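Following: one structure in C-alpha cells, then a few remarks.
The values are calculated or read from the model by the stated rules, or taken from the named source; none is laboratory data. Quick caveat: nothing in here was measured; it's all calculated off a predicted structure. Using ideal geometry, Cβ is built from the backbone for each residue, glycine included, and neighbour counts are taken over all protein chains shown. Note: accessible area is taken over every heavy atom of the protein model, side chains too, but ligands, DNA and RNA are not part of it. Shrake-Rupley method; radii C 1.70, N 1.55, O 1.52, S 1.80 Å.
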Amino acid sequence: MDLLHKTDRFPQKFLQEMEQLLGPEEYRNYLDSFNSSPSQGLRANTGKISLNTLLSLCPGPFEPIPWIPNGVIVKARPISEKLWENEAQEVPVKGKDSGEKLWEPAKDPYHYAGLYYLQEPSAMTPAWLLPVKPGDAVLDLCAAPGGKATELGSRLQGRGILFANDISNSRAKALLKNLERFGVINICVTSEPPQKLAQVLPEFFDHILVDAPCSGEGMFRKEPEMIKDWEKKGPAYYAPLQREILKDAVALLKPGGYLLYSTCTFSKAENEDNITAVLNQFEDLELIPLPLFPGACDGFGLSGVIRLFPHKIKGEGHFLALLHKREGLKSKTGKNSSLLERNKSRKEKAGLRSYSGKEYKEFEEFLKGISRPFQSERIRQIYDSLYYLPEQFPEETGLRYLRTGLFLGELKSGRFEPSQALAMALKPEEVSNVIRFSHQDERVLRYLKGETIPLGKGEISKKGWYLVCVEDYPLGWAKGNGERLKNKYYPGWRYQ
C-alpha cells in the first residue's frame with residue numbers, strides 16, 4: 001500500500017492542522033512514518049523480575065527503548081525450535097512455506113505469570129516520569145486497561161496505596177485483572193467519575209497520573225479505527241472534558257505532590273492549551289520541566305513539556321506535562337467531608353467486618369503454610385471474602401470498589417479457598433507446598449487451560465493446596481492428592 005492510499009482516509013482538517021503544526025518538511029516526515037509498522041513494546045515487571053533476567057528467558061530478539069530502563073522493543077523474527085512440547089503459541093510466518101515459527105509473547109506462560117506487560121513504547125513514558133517511591137499514595141485516574149497502573153504498582157513495591165480508577169466498569173474489570181496478574185497487592189480499583197473521587201478524597205494523593213481520554217491522533221498508525229472517533233468528536237469535544245478532569249485531579253493532589261498529564265494526541269487544544277489553562281486557574285501549581293531524551297521534542301508555545309512523534313522515535317504520538325502543587329499557598333480546592341460523614345453507615349451495609357483470627361480457623365490453618373506475615377488489623381471480611389487492605393486505606397468513603405487491597409480468598413462451608421490474586425502476589429519461597437514445571441513442560445499449558453494435571457511418582461509429598469509455578473514464577477493454585485493436581489486456575493484467566 002503506498003503512502004497516498006494510506007493517508008487519503010485521514011480527515012483533511014486533521015492533515016491541515018498537522019502541516020501547520022509541524023511545518024512542510026516535518027509534516028512530510030510524519031506522513032512517511034505510516035510506511036513503517038508500529039513497534040511492539042515489552043516492559044518487565046520489576047516487582048517480579050529484572051529486565052536482564054527476563055530477556056534471558058525469552059527468545060527475542062529485542063531492541064532497547066533508550067528512555068525506558070525496563071522496556072524493550074520486540075523485534076519479530078522466525079524461530080525454528082519449539083519453546084515447549086505441544087507448543088500452541090507458535091504460528092507459521094505469513095507468506096512463507098518454510099515452517100518457521102514466530103514467538104507470540106502474549107501467549108507465553110511467562111506473560112501469564114505476570115513477568116511483563118505488552119505496551120507501545122511511547123505509552124510507557126508517563127508512568128516512568130511520575131516520581132513515585134515506595135510508601136506513596138498514588139492515583140491513576142483514567143487507568144484502564146492498566147499499562148501505566150501496573151508500572152506504578154511495581155514501583156511502589158507493595159507499600160503505600162495505589163488507586164486505579166476508570167469510569168467504565170467493564171474497562172475497570174480488565175484493569176483489575178492486569179494489576180492482579182502483576183501481583184500488585186496494595187490496590188484499590190474503583191469505577192467512579194473523577195468529581196466523586198475529588199469530593200471524598202480531597203488532597204489525599206502524593207502523585208497522580210492523568211492519562212486523559214483524547215482524540216487519539218497519535219494512535220492513527222497503530223489503531224486506524226480511531227479516525228472515525230476523531231471525525232465524530234475530535235479535539236473540540238475532548239479538550240473541555242480534559243480540563244474538567246484536570247480540575248478534579250488538582251483537588252485530589254496533596255500540597256507538595258506531582259501530577260503527570262498525558263495524552264496520545266497532537267492537538268494543541270488538548271495539550272499545551274490545557275496545561276496553560278490549568279496553570280492560570282490554580283496559582284499553587286507550577287510546571288516542572290521534563291528532560292528531553294533523543295527523539296523527544298519540546299512543546300509548541302509552552303516549553304518544558306514533552307512531545308513524541310512516530311517519525312522521530314520508535315513509538316506512537318504522545319504528550320506529557322508534569323505539574324507540582326506548591327506547599328504554603330492556599331488552594332482553591334477546599335476539603336469536603338460531607339460525603340465521608342454521610343457514608344459512615346455504609347460499612348455495615350456492605351457487609352464489612354473486622355478480622356478476628358479466632359473466627360477463621362480454616363484461614364489460620366492455611367496461613368501455616370505461608371511464611372509472609374499478614375497484619376490482622378488490615379484484614380477485612382466482606383460477606384464470605386477476605387481482603388488485606390493497603391496502608392493508608394480510607395475506609396467509609398462510599399466509593400464503588402471493584403477491589404480493596406489483596407483479595408485473599410473465600411470462606412466456603414468450613415473451608416478456605418485461596419484466591420488467584422494471592423497466588424500471583426506470593427513468591428515460591430514463601431509457600432510450603434510448591435510444584436514447579438519447566439517452561440518446556442506441556443503440563444504448563446494444560447494447567448493454564450484449566451485441565452487436571454497428572455503427576456509423576458514423588459513429585460509431591462503430601463495432599464493439600466499447591467502453588468503452581470512455571471520455573472520460579474507463580475501461575476495459580478491447585479489441590480494435590482499424590483497422583484494428580486485438581487486445577488484451581490481462575491476460569492476468567494485461562495489460556496485461549
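Could you say whether any residue in segment 180-193 is at pLDDT below 95, outside any helix (DSSP H, G or I) and open to solvent by less than 20 Å² (accessible area, probe 1.4 Å)? No, segment 180-193 contains no residue that is at pLDDT below 95, outside any helix (DSSP H, G or I) and open to solvent by less than 20 Å² (accessible area, probe 1.4 Å). The residues on offer are Glu430, Glu377, Glu417, Glu362, and the sole one that is touching a residue at least 24 places away in the same chain (Cβ under 8 Å), more than 21 Å from Tyr447 (Cβ to Cβ), among the acidic types (Asp, Glu) and open to solvent by 20 Å² or more (accessible area, probe 1.4 Å) is Glu362. Scanning segment 29-49 for residues that are of a type in the set (Gly, Ala, Ser), assigned to a loop (DSSP other than H, G, I, E, B) and in contact with a helix residue (DSSP H, G or I) (Cβ under 9 Å, 6 or more places away or on another chain) yields Ser39, Gly47. Within segment 162-183, being of a type in the set (Gly, Ala, Ser) and within 17 Å of Asp211 (Cβ to Cβ) holds for Ala164, Ser168, Ala172, Ala174.
Candidates in segment 194-213 are the residues that are open to solvent by 30 Å² or more (accessible area, probe 1.4 Å) and assigned to a loop (DSSP other than H, G, I, E, B); of these, the one that is farthest from Leu406 (Cα to Cα) is Pro213.
Looking across segment 216-275, the residues that are open to solvent by 60 Å² or more (accessible area, probe 1.4 Å), under 30 Å from Phe34 (Cβ atoms), of a type in the set (D, E, K, R) and in a helix (DSSP H, G or I) come down to Lys228, Glu231, Lys232, Asp273. If you check Ala164, Ala144 for being in a strand (DSSP E or B) and small (Gly, Ala, Ser), only one passes: Ala164.
Once segment 443-471 is narrowed to residues that are among the charged types (D, E, K, R) and surrounded by 14 or more Cβ atoms within 10 Å (Cβ to Cβ), the residue that is modelled with the lowest pLDDT is Glu459.
Looking across segment 50-67 at every residue that is in a loop (DSSP other than H, G, I, E, B) and open to solvent by less than 50 Å² (accessible area, probe 1.4 Å), the one that is farthest from Pro428 (Cα to Cα) is identified as Trp67.
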